[in-house]
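Colleague: Quick one: the structure is below, questions incoming.
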Amino acid sequence: MANDAGRGLTAGAFANLLARLGPDAERAGTAYEHLHRALVSFFAWRGATTAEECADETLDRLATRLDEGVAVENLPRFARGIARLVLLEHWRRPDGRGLPLDDVATRHLPGPDTGDDDVLAECLNRCLAALAAPSRELILDYYASEGRKRIDARKRMAEALGISESALRNRAQRLRDGLERCITCCLRPAERPGPPSGNDTNA
(Lines give C-alpha, C1' and ligand atoms only; values in the text may rest on other atoms or scores of the structure.)
Protein backbone atom coordinates (compact mmCIF):
# COMPACT_ATOMS: atom_id res chain seq x y z
CA MET A 1 0.00 0.00 0.00
CA ALA A 2 1.37 3.40 -0.98
CA ASN A 3 1.98 6.08 1.63
CA ASP A 4 -0.97 8.23 0.67
CA ALA A 5 -0.08 10.79 3.32
CA GLY A 6 2.38 12.04 0.73
CA ARG A 7 -0.48 13.35 -1.41
CA GLY A 8 -0.98 16.21 1.02
CA LEU A 9 -2.71 14.51 3.94
CA THR A 10 -1.19 14.81 7.36
CA ALA A 11 0.29 11.61 8.74
CA GLY A 12 -2.23 11.77 11.57
CA ALA A 13 -5.23 11.97 9.24
CA PHE A 14 -4.00 9.04 7.18
CA ALA A 15 -3.27 6.98 10.31
CA ASN A 16 -6.75 7.78 11.64
CA LEU A 17 -8.32 6.53 8.41
CA LEU A 18 -6.35 3.28 8.61
CA ALA A 19 -7.35 2.85 12.26
CA ARG A 20 -11.00 3.06 11.25
CA LEU A 21 -10.51 0.49 8.49
CA GLY A 22 -8.96 -2.28 10.56
CA PRO A 23 -7.66 -3.26 14.02
CA ASP A 24 -4.14 -3.92 12.76
CA ALA A 25 -1.88 -2.73 9.95
CA GLU A 26 -2.41 -5.79 7.73
CA ARG A 27 -6.19 -5.78 7.85
CA ALA A 28 -6.36 -1.99 7.60
CA GLY A 29 -4.13 -2.08 4.52
CA THR A 30 -6.27 -4.75 2.90
CA ALA A 31 -9.46 -2.80 3.63
CA TYR A 32 -7.89 0.38 2.26
CA GLU A 33 -6.92 -1.29 -1.01
CA HIS A 34 -10.38 -2.84 -1.31
CA LEU A 35 -12.06 0.54 -0.78
CA HIS A 36 -9.70 2.21 -3.24
CA ARG A 37 -10.44 -0.41 -5.91
CA ALA A 38 -14.19 -0.03 -5.31
CA LEU A 39 -13.91 3.74 -5.77
CA VAL A 40 -11.84 3.38 -8.93
CA SER A 41 -14.57 1.10 -10.31
CA PHE A 42 -17.22 3.62 -9.25
CA PHE A 43 -15.55 6.39 -11.24
CA ALA A 44 -14.56 4.20 -14.18
CA TRP A 45 -18.14 2.92 -14.63
CA ARG A 46 -19.31 6.52 -14.85
CA GLY A 47 -16.80 7.52 -17.49
CA ALA A 48 -14.36 9.47 -15.35
CA THR A 49 -11.19 9.97 -17.38
CA THR A 50 -9.01 10.01 -14.25
CA ALA A 51 -10.64 7.32 -12.11
CA GLU A 52 -7.50 6.68 -10.03
CA GLU A 53 -7.05 10.37 -9.22
CA CYS A 54 -10.73 10.74 -8.36
CA ALA A 55 -10.50 7.76 -6.01
CA ASP A 56 -7.40 9.29 -4.36
CA GLU A 57 -9.20 12.61 -3.91
CA THR A 58 -12.20 10.87 -2.36
CA LEU A 59 -10.02 9.07 0.17
CA ASP A 60 -8.16 12.28 0.95
CA ARG A 61 -11.44 14.03 1.75
CA LEU A 62 -12.67 11.04 3.75
CA ALA A 63 -9.52 11.06 5.86
CA THR A 64 -9.80 14.81 6.37
CA ARG A 65 -13.42 14.56 7.48
CA LEU A 66 -12.55 11.82 9.97
CA ASP A 67 -9.63 13.88 11.26
CA GLU A 68 -12.04 16.79 11.81
CA GLY A 69 -14.08 14.59 14.12
CA VAL A 70 -17.05 13.90 11.84
CA ALA A 71 -19.02 10.92 13.14
CA VAL A 72 -19.21 8.27 10.41
CA GLU A 73 -21.05 5.03 11.07
CA ASN A 74 -20.73 3.40 7.64
CA LEU A 75 -17.33 4.28 6.18
CA PRO A 76 -17.81 2.83 2.65
CA ARG A 77 -21.21 4.48 2.28
CA PHE A 78 -19.88 7.85 3.46
CA ALA A 79 -16.97 7.49 1.02
CA ARG A 80 -19.41 6.90 -1.84
CA GLY A 81 -21.28 10.04 -0.86
CA ILE A 82 -18.06 12.02 -1.12
CA ALA A 83 -17.31 10.25 -4.41
CA ARG A 84 -20.53 11.67 -5.87
CA LEU A 85 -19.29 15.19 -5.20
CA VAL A 86 -15.88 14.43 -6.67
CA LEU A 87 -17.59 13.00 -9.75
CA LEU A 88 -19.62 16.17 -10.21
CA GLU A 89 -16.45 18.23 -10.02
CA HIS A 90 -14.80 15.93 -12.56
CA TRP A 91 -17.70 16.33 -14.98
CA ARG A 92 -17.40 20.10 -14.76
CA ARG A 93 -13.81 20.04 -15.97
CA PRO A 94 -13.04 20.61 -19.66
CA ASP A 95 -11.75 17.02 -19.94
CA GLY A 96 -14.72 15.55 -18.08
CA ARG A 97 -18.17 14.64 -19.29
CA GLY A 98 -19.67 18.05 -18.54
CA LEU A 99 -23.33 17.53 -17.69
CA PRO A 100 -25.59 20.60 -17.98
CA LEU A 101 -26.32 22.14 -14.60
CA ASP A 102 -30.07 21.47 -14.81
CA ASP A 103 -29.46 17.79 -15.57
CA VAL A 104 -27.15 17.43 -12.59
CA ALA A 105 -29.78 18.90 -10.30
CA THR A 106 -32.87 17.09 -11.55
CA ARG A 107 -32.03 13.55 -12.67
CA HIS A 108 -30.25 10.48 -11.34
CA LEU A 109 -26.59 10.21 -12.13
CA PRO A 110 -25.87 7.43 -14.64
CA GLY A 111 -24.45 4.09 -13.58
CA PRO A 112 -25.14 0.34 -13.60
CA ASP A 113 -25.52 -0.01 -9.84
CA THR A 114 -28.79 -0.51 -7.98
CA GLY A 115 -29.84 -0.54 -4.34
CA ASP A 116 -27.69 1.64 -2.10
CA ASP A 117 -26.12 3.38 -5.06
CA ASP A 118 -29.53 4.52 -6.30
CA VAL A 119 -30.26 5.87 -2.82
CA LEU A 120 -27.02 7.82 -2.93
CA ALA A 121 -27.93 9.27 -6.31
CA GLU A 122 -31.33 10.33 -5.04
CA CYS A 123 -29.82 11.90 -1.93
CA LEU A 124 -27.29 13.88 -3.92
CA ASN A 125 -29.95 15.09 -6.32
CA ARG A 126 -32.16 16.17 -3.43
CA CYS A 127 -29.33 17.99 -1.69
CA LEU A 128 -28.28 19.79 -4.86
CA ALA A 129 -31.88 20.73 -5.65
CA ALA A 130 -32.28 22.12 -2.11
CA LEU A 131 -29.58 24.68 -2.79
CA ALA A 132 -30.56 28.05 -4.16
CA ALA A 133 -29.58 28.28 -7.83
CA PRO A 134 -26.72 30.78 -7.19
CA SER A 135 -25.23 28.49 -4.55
CA ARG A 136 -25.54 25.43 -6.78
CA GLU A 137 -23.83 27.27 -9.62
CA LEU A 138 -21.13 28.55 -7.28
CA ILE A 139 -20.16 25.13 -5.92
CA LEU A 140 -20.07 23.56 -9.39
CA ASP A 141 -18.30 26.47 -11.09
CA TYR A 142 -15.77 26.74 -8.26
CA TYR A 143 -14.33 23.34 -9.15
CA ALA A 144 -14.48 23.78 -12.91
CA SER A 145 -11.28 24.02 -14.98
CA GLU A 146 -7.80 23.17 -13.77
CA GLY A 147 -4.42 24.77 -13.27
CA ARG A 148 -4.09 28.41 -14.26
CA LYS A 149 -7.56 28.47 -15.78
CA ARG A 150 -9.06 27.47 -12.43
CA ILE A 151 -7.11 30.19 -10.63
CA ASP A 152 -8.23 32.84 -13.12
CA ALA A 153 -11.83 31.61 -13.04
CA ARG A 154 -11.98 31.80 -9.25
CA LYS A 155 -10.51 35.29 -9.34
CA ARG A 156 -13.26 36.36 -11.75
CA MET A 157 -15.89 34.72 -9.55
CA ALA A 158 -14.66 36.61 -6.49
CA GLU A 159 -14.65 39.89 -8.40
CA ALA A 160 -18.16 39.28 -9.73
CA LEU A 161 -19.42 38.60 -6.19
CA GLY A 162 -17.53 41.56 -4.75
CA ILE A 163 -15.65 39.45 -2.21
CA SER A 164 -12.06 38.38 -1.66
CA GLU A 165 -10.72 35.11 -3.03
CA SER A 166 -10.31 33.90 0.55
CA ALA A 167 -13.98 34.63 1.27
CA LEU A 168 -14.95 32.80 -1.92
CA ARG A 169 -12.87 29.80 -0.89
CA ASN A 170 -14.52 29.73 2.54
CA ARG A 171 -17.98 30.00 0.96
CA ALA A 172 -17.29 27.12 -1.41
CA GLN A 173 -15.95 25.02 1.49
CA ARG A 174 -19.11 25.66 3.52
CA LEU A 175 -21.27 24.65 0.57
CA ARG A 176 -19.28 21.46 -0.01
CA ASP A 177 -19.39 20.57 3.69
CA GLY A 178 -23.12 21.27 3.71
CA LEU A 179 -23.68 18.92 0.79
CA GLU A 180 -21.71 16.17 2.52
CA ARG A 181 -23.72 16.62 5.73
CA CYS A 182 -26.99 16.66 3.78
CA ILE A 183 -26.08 13.42 2.00
CA THR A 184 -25.09 11.80 5.30
CA CYS A 185 -28.42 12.76 6.89
CA CYS A 186 -30.33 11.59 3.83
CA LEU A 187 -28.76 8.14 4.10
CA ARG A 188 -30.13 7.70 7.62
CA PRO A 189 -33.62 6.15 7.44
CA ALA A 190 -35.02 8.31 10.24
CA GLU A 191 -33.88 11.58 8.67
CA ARG A 192 -34.58 13.56 5.53
CA PRO A 193 -32.24 16.06 3.90
CA GLY A 194 -32.79 19.72 4.52
CA PRO A 195 -31.23 22.55 2.56
CA PRO A 196 -27.43 22.48 2.94
CA SER A 197 -25.85 25.44 4.69
CA GLY A 198 -24.90 28.28 2.40
CA ASN A 199 -28.19 28.70 0.52
CA ASP A 200 -27.66 32.42 0.54
CA THR A 201 -24.54 33.19 -1.46
CA ASN A 202 -24.49 36.61 0.16
CA ALA A 203 -23.90 35.05 3.57
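Colleague: What pairs come up if the first residue lies in segment 154-165 and is free of Cβ contacts under 8 Å to residues at least 40 places away in the same chain, the second is surrounded by 11 or more Cβ atoms within 10 Å (Cβ to Cβ) and outside any helix (DSSP H, G or I), and their beta carbons are under 7 Å apart, counting only those six or more places apart or on different chains?
Modeller: Between residues of segment 154-165 that are free of Cβ contacts under 8 Å to residues at least 40 places away in the same chain and residues that are surrounded by 11 or more Cβ atoms within 10 Å (Cβ to Cβ) and outside any helix (DSSP H, G or I), the close pairs are ALA158/SER164.
Colleague: Given the conditions (1) over 16 Å from the mean Cα position of the chain (by Cα); (2) at pLDDT below 80; (3) assigned to a helix (DSSP H, G or I), which single one is not true for GLU159?
Modeller: Condition (2) is where GLU159 drops out.
Colleague: If I ask for residues that are acidic (Asp, Glu) and without any contact (Cβ under 8 Å) to a residue 24 or more places away in the chain, which ones from segment 52-94 would you list?
Modeller: GLU52, GLU53, GLU68, GLU73, listed by residue number.
Colleague: In addition: Out of the residues in segment 29-44 that are under 29 Å from LEU88 (Cβ atoms) and among the small types (Gly, Ala, Ser), which is surrounded by the most Cβ atoms within 10 Å (Cβ to Cβ)?
Modeller: My answer is ALA31.
Colleague: Tell me which residues, restricted to segment 45-57, are within 15 Å of GLY81 (Cα to Cα) and either out of contact with any Lys or Arg (no Cβ under 9 Å at 6 or more places or on another chain) or loosely packed, with under 15 Cβ neighbours inside 10 Å (or both).
Modeller: CYS54
Colleague: Does ALA121 meet the test of being part of a helix (DSSP H, G or I), modelled with pLDDT of 85 or more and either of a type in the set (Gly, Ala, Ser) or surrounded by 17 or more Cβ atoms within 10 Å (Cβ to Cβ) (or both)?
Modeller: Numbers: part of a helix (DSSP H, G or I): yes; modelled with pLDDT of 85 or more: no; either of a type in the set (Gly, Ala, Ser) or surrounded by 17 or more Cβ atoms within 10 Å (Cβ to Cβ) (or both): yes.
Taking the combined requirement at face value, the residue does not satisfy it.
Colleague: Name the residue that is modelled with the lowest pLDDT, counting only residues in segment 134-150 that are crowded, with 18+ Cβ neighbours inside 10 Å and part of a helix (DSSP H, G or I).
Modeller: Per the criteria, the residue is LEU140.
The values are calculated or read from the model by the stated rules, or taken from the named source; none is laboratory data. Here the structure is a predicted model, which is why all the values come from computation and not from measurement. Because the Cβ atoms are built from the backbone with ideal geometry, glycine has one as well, and the counts that use them run over all protein chains shown.
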